[in-house]
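Notes to accompany the following structure.
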Amino acid sequence: MQFSINRQAFIKALNDVSRAISSRTTIPILTNIKILLNDEELVLTGSNADISIETRIDQSDTAAQLVIKKTGGITLPATFFSNIVKNLPADDMTLAVEGVRASITSGASDFTINGQDVRNYPQLPEMDDVQSLSVSAAQLIDIISQTKISASTQESRPILTGIHLALDGTDVKAVTTDSHRLSQRIVTLTGTDAHIQADVIIPAKSFNELQSLLEGQDRVDIKLATNQAIFDLGHTSFYSRLLEGNYPETDRLIPTESTTQLTIEASTLLGAIGRASLLSHESRNNVVQLTLTSGVVTLKGTSQEVGEVQEELVAQSVDGADLEISFNPDYVRDALRIFSGKSVDVKFTSNLRPFTITPAGETDNKQLQLITPVRTF
């Protein structure tokens with residue numbers, strides 16, 4: 001195999017596929033990047049068994065300046081190879097392979113490194129019974145960014161580490177929960193004629209990597225199968241396994257009524273919680289306390305070792321019964337960042353029941369964050 005290419009174009013492709021590569025894998029060859037060259041294009045693949053990313057550089061891409069001299073393939077150590085390419089001196093580079101040894105030249109630099117036979121690299125998954133749809137990249141970014149915060153990071157309940165997507169026609173409902181908080185986003189897809197019925201759980205880690213690739217994209221073609229999902233971004237394909245099992249029924253966790261409601265600028269509450277958490281983070285239980293009494297809203301953070309902070313907040317309205325409630329400030333800050341620049345309704349039922357945060361005036365729960373309070377007595 002031998003080709004020359006613009007180095008910056010090659011680095012971008014390497015960065016994209018490297019998102020799928022992990023040093024912690026039980027399959028040693030998956031710490032390598034797979035490089036295949038045919039008569040028309042260069043294909044790079046990275047995988048960690050859970051996700052795989054394949055990106056293609058076409059010979060007709062004038063910016064890439066790909067010149068194909070001899071077809072073939074090899075796998076090379078991902079981190080080492082990427083670092084070499086990023087530090088080469090010239091604007092272009094040549095990769096030549098004989099057997100499992102690769103020569104990388106650029107300007108006056110010439111590296112020779114050992115790889116592995118490309119035939120030993122696992123094949124990308126084959127998919128049967130596929131359902132397909134095209135979605136707006138902006139809508140998909142919206143779904144991911146507003147729900148991934150509540151996905152669990154604990155492998156003791158693997159099903160909760162995913163984002164649950166329920167597709168009904170052109171409506172998508174995305175939900176995550178780690179049993180302490182819950183995020184829900186419901187959108188109607190634009191620019192698609194597909195009306196599919198599907199219920200899948202995609203690992204939040206997969207979506208986190210996909211979100212970075214979506215920036216600057218217009219639309220994404222999605223293919224859903226029994227145990228795999230493929231997101232096609234033109235010259236890049238993103239493969240993710242699906243989590244097996246039934247996601248908990250989350251609708252019953254969302255309160256249908258409230259006894260106390262606070263309407264406030266998200267940035268106002270976010271700033272106050274940030275200041276209160278300066279103290280709460282020094283405490284073992286990391287809790288702040290919100291008090292609503294006769295229309296007055298007070299936030300308090302305490303640390304027995306350091307001291308306390310108390311702040312009276314300016315709210316747009318406070319309705320209902322007086323309330324004193326404690327919660328993890330980090331959970332609420334994560335939720336409020338999603339509503340940046342908006343006013344929010346914070347609805348409570350009691351000091352021991354979960355409360356919700358939604359855009360002010362909206363009652364359809366299409367954009368909802370739910371937080372479980374902390375018992376302090």
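The values are calculated or read from the model by the stated rules, or taken from the named source; none is laboratory data. Predicted model, so just to flag it, every value in this text is computed and none were measured. Positions of Cβ are backbone-derived with ideal geometry, glycine not excepted, and every protein chain shown enters the neighbour counts. Heavy atoms of the whole protein, side chains included, go into the accessibility calculation; ligands, DNA and RNA do not. Shrake-Rupley method; radii C 1.70, N 1.55, O 1.52, S 1.80 Å.
Some observations on this one:
- Length released on extending from I186 to D322, taking residue separation times 0.36 nm less the Cα-Cα span: 45.8 nm
- Per-pair calculated FRET efficiency, R0 = 25 Å: T259 and V314 via Cβ, rounded to 0.05: 0.65
- For A360, residues with placed amide H under 5 Å, excluding near neighbours: S343, V344, D345
- With an a/c value of 1.5 or above and a/b not larger than b/c for the gyration tensor axes a ≥ b ≥ c computed over the alpha-carbon atoms, the stretch 71-143 is described as oblate.
- The overall shape of the stretch 38-108 is rounded: from the C-alpha gyration tensor, with semi-axes ordered a ≥ b ≥ c, the ratio a/c is less than 1.5.
- Computed magnitude of the charge dipole of the stretch 1-69 (debye, nearest 20; Cβ of K, R +1, Cβ of D, E -1): 340
- What the stretch 1-110 shows is 46 Å² of accessible area per residue, with the surface traced by a 1.4 Å probe over protein heavy atoms.
- Solvent-accessible area per residue for the stretch 278-322 (1.4 angstrom probe, square angstrom): 62
- Shape call, the stretch 210-261: gyration tensor on alpha carbons, a/c limit 1.5: oblate
- About the centre of its Cα atoms, the chain shows a dipole size close to 840 debye [charges on the beta carbon of Lys, Arg (+1) and Asp, Glu (-1) only; nearest 20 debye].
- The stretch 229-377, accessible surface, carbon-and-sulfur percent (1.4 angstrom probe): 44
- A simple spin-label model places the labels of E362 and T62 4.4 nm from each other, with each point 7 Å out along Cα-to-Cβ.
- Per-residue 3J(HN,Hα) values for the stretch 50-63, derived from phi via the Karplus relation 6.51 cos²θ - 1.76 cosθ + 1.60 with θ = phi - 60°, read 7, 10, 9, 10, 10, 10, 10, 10, 7, 4, 7, 6, 5, 5 Hz in sequence order (x marks Gly and Pro).
- Residue-level accessible surface for F111, protein heavy atoms, 1.4 Å, Å²: 80
- Note, ³J(HN,Hα) from phi for the stretch 165-177, Karplus 6.51, -1.76, 1.60, rounded to Hz, x at Gly and Pro: 10, 10, 9, 9, x, 9, 9, 10, 10, 10, 9, 9, 7
- Annotation: extensible slack from S132 through A198 equals 22.7 nm (criterion: 0.36 nm per residue apart, minus Cα-Cα distance).
- Computed [θ] at 222 nm, helices only, for the chain once each DSSP H run of length n ≥ 4 contributes -39500 (n - 2.57): -5500 deg cm²/dmol
- Among the protein heavy atoms of the stretch 114-164, carbon and sulfur supply 45% of the accessible surface, probe 1.4 Å, non-protein parts ignored.
- Charge dipole (the chain, unit charges on Cβ, about Cα centre) - positive-most of T45, G191, I357: T45
- 19 Å Cα-Cα reach of K86 towards aspartates and glutamates, excluding residues that sit fewer than 8 places from it in its own chain: D16, D110
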